[in-house]
Every structure is written in structure tokens, then in C-alpha cells.
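Worksheet: the structure to be examined is printed underneath.
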Amino acid sequence: MIDMGADRSRAKMPLRGSCFAAIGVLTFGVAAPLGAQEIDPDPRFWAEGGVYFPDTETTVALSLPDSNNGTEISLEDDLGFDSGVDSFDLTVGAKLDDDFFIEASFFDLDRTTTFTLDRTITVEDAVFDVGAAVGSEFSSQIYRVTIGYKLISDPKWDLSVALGAHLTDFTFGIAGAASVNGAGVSGVERGQDFLAPLPTIVGQAKVRPIRWLELRGRADYLDLTIDQYNGRLINLEASATAAITNNIAVGAAYRYTDYRLDIDATRFDGRVEYEFDGPRVFLRVSL
């Protein structure tokens, strides 16, 4: 059941300026005075827990099978979702041998809102007219798993490539008064929940310009049709990690993701276009 009683998404307004200030304090104000510690260039195990502060732009369309009757809906413009959101994220990894490694990460982005429509929209067989008060939800749980190989390994820098799986569990729902088959109905609910598993190619480079600091760049790419999914994914991330002890480091990153997915399922047709970018801060533990 979609909660129409409160707009929780608007209660979470990330202060991006404050976040960047926190990044500077964590990375240099804390780590630099303790810079006698050396960051481990080749840990056996590692784990990162952090907070992510992205801005989002999201377009969703849901149609009955083979009907193409669903309106392309901007969640931010048409349904009043706030573009700012925050999320906890977790990454764990391990070396498999001197050259191979495995890494997995998870984060989710959840938003709900209530809004009075200023244009008519169609979701599957339901038409929500101008002036209708609707409650909406959109959530995405994102899982990434990669198995990588180090092409170059050096105490000062390394370069790796990986094959990965990018799994996203989407949920979209809308509820309110609507017209179904020409008849007005109150309390109509429409939406779908679906899991999209898509493979990716990953490239990653790390540079350690000074003993306590590591800079990393990562790129994930996909443009592929698999079964009922036609997907494109571009994910870019840059980070700085600073050691504060032999096994603990703090870091700051910026992540950009551009995601498009078309679905031709038996029970519905759909499209999700999802772009988000923003900073994250994290704590890293390695062994």
C-alpha cells in the first residue's frame, strides 16, 4: 500500500556544500596529521561502508503488454519527487590470488511523495487526470558484483579490468483516483516490481602519489539486449582514500550513473531512465 499521508522524500534534503566540507575534513584534516601510516596497496580483504548523497533524474513509463499506452513520467517534474536523496552503501572485496580479485557492493535509493497532478498521465490501464492527488513511490536496490584481474601491479599504481553483474531491483507505484476503462475509480493502485540483471565491463586504475593517499578511478559500461531487457549503463567513479592507521582509512568519492532500461515482459512493457550523481564519504577497513 502506497502511503499518501506524508512526503518523506522532501524531508531528506542533502546539503551538498556541507558534504563537500565534510569530505575535506575527513580526507585531509584527519588523515594528513596521521600520515605516518602507509596505505596498504594490496590488501587480502577489504570492506567499505559509506553514505552517498546523489541528485537524481528519473523517467518511468509502464504500459499494458504490446500496447505502448503508458505516459513517459518524470518523477521529479510530474509527480513532485525531490531530486535529492541519501543512501548507505557497503562494499566488500577479497583477493583470490596474486592477480585475481572479487568485489561486491550494495546501495539503495528510496523515495516517496504525494502530489497534485498538473497534467494527465497514464500508467498501464489507469488514467490519472489533472488535479488528482496521488501518492507515489520509487525505489531501487542496486547490487554490483565483479571479478577482476590486475594487468599491472606496482606499489605506486595498478591497473585492472573486470567482468561484472549489475543487478537492480526496481519498484514503482502510484495510487489515487483514476479512470479505468472509461469509469472513474477511487483508490486505484498501479505499478510494478522487477529485477534487471545486466553484465558490465569494468576498468579501474589506482595511483598512490604519497604513502598515505590512494587515488582511484573506475568505469563500468554496458549496452546490450538480453532476453526481455534492453539496457545501457555508464557508471563513473573517482575517489581519494587516506590511511589513518595500518588497517583503517577514510575516503571521499564522486559517482555518476546513467542507466536506461527497456522491458518487454509478459505482464507489462516498461522503460526506466535513471541518472544520478553525487558525492559519497566512506570508512575503509583492510586486512
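The values are calculated or read from the model by the stated rules, or taken from the named source; none is laboratory data. On a predicted model such as this, the values are computed, not experimentally measured, just so you know. Don't worry about glycine lacking a Cβ; one is built from the backbone with ideal geometry, like all the others, and counts go over all protein chains shown. Keep in mind that these areas ignore ligands, DNA and RNA; they rest on the heavy atoms of the full protein, side chains included. Shrake-Rupley method; radii C 1.70, N 1.55, O 1.52, S 1.80 Å.
For this structure, a couple of remarks:
- Residue within segment 62-74 that is of a type in the set (S, T, N, Q) and without any contact (Cβ under 8 Å) to a residue 24 or more places away in the chain present: yes
- Selection from segment 90-103 of residues that are more than 30 Å from residue 76 (Cα to Cα) and either assigned to a strand (DSSP E or B) or of a type in the set (S, T, N, Q) (or both): 92, 93, 94, 95, 100, 101, 102, 103
- The residue that is farthest from residue 75 (Cα to Cα), among those in segment 154-172 that are surrounded by fewer than 19 Cβ atoms within 10 Å (Cβ to Cβ) and of a type outside the set (D, E, K, R), is 155.
- Matching residues, segment 233-276, being surrounded by fewer than 16 Cβ atoms within 10 Å (Cβ to Cβ) and under 17 Å from the mean Cα position of the chain (by Cα): 236, 238, 256, 258
- If you go through segment 87-104 and keep only what is buried (at least 17 other Cβ atoms within 10 Å of the Cβ) and under 16 Å from the mean Cα position of the chain (by Cα), you end up with 87, 89, 91.
- Subset of segment 68-89 that is assigned to a helix (DSSP H, G or I) and not aliphatic (A, V, I, L, M) - its residue that is farthest from residue 120 (Cα to Cα): 76
- Selection from segment 234-261 of residues that are in a strand (DSSP E or B) and polar (S, T, N, Q): 235, 239, 241, 257
- In the set (1) more than 22 Å from residue 208 (Cβ to Cβ); (2) in contact (Cβ under 8 Å) with a residue 40 or more places away in the chain, residue 241 fails one condition alone, (1).
- Failed item in (1) open to solvent by less than 60 Å² (accessible area, probe 1.4 Å); (2) within 24 Å of residue 163 (Cβ to Cβ), with residue 201 passing the rest: (1)
- Test: residue 276 is in contact with a Pro (Cβ under 6 Å, 6 or more places away or on another chain) and part of a strand (DSSP E or B): yes
- Selection of segment 44-65 for residues being open to solvent by 50 Å² or more (accessible area, probe 1.4 Å) and assigned to a strand (DSSP E or B) yields 45, 51, 55, 57.
- Pair list, Cβ < 6 Å and 6+ apart or interchain, from segment 129-150 residues that are within 19 Å of residue 203 (Cβ to Cβ) to residues that are in a loop (DSSP other than H, G, I, E, B): 149/99; 150/99
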